[in-house]
């Protein structure tokens, strides 16, 4: 299923991918640990933001629609996704 926010999520993950590639290159170059840690922080931040955006999108669209339709599985789906918060 496609949602409006998925291009944003893909963009965040592509940025994380770029940062991760940079980390690998920095390790291979023997770069300073502080610089590498900064890049790893950027990777972590991008992935966390992508995860939060995906969960928000799921709650806002999928679960909202399920609740409005009276789908009894909506609560179970909400409980399931919260384990990733």
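Pairs meeting the criteria (first residue in the stretch 6-20 and within 20 Å of residue 58 (Cα to Cα), second residue part of a helix (DSSP H, G or I) and modelled with pLDDT of 90 or more, beta carbons under 6 Å, at least 6 apart or on different chains) are 9/50; 12/46; 12/49; 12/50; 13/50. If you check 74, 42 for being at pLDDT 80 or above and in a helix (DSSP H, G or I), only one passes: 42.
When the stretch 16-34 is filtered for residues that are in a helix (DSSP H, G or I) and either loosely packed, with under 13 Cβ neighbours inside 10 Å or at pLDDT below 90 (or both), the ones remaining, listed by number, are 21, 24, 25, 27, 28, 29, 33, 34.
The values are calculated or read from the model by the stated rules, or taken from the named source; none is laboratory data. As the structure is a computational prediction, the values presented were derived from the model and not from experiment. Methodologically, a virtual Cβ is constructed for each residue, glycine included, from the backbone with ideal geometry; neighbour enumeration extends over all protein chains shown.
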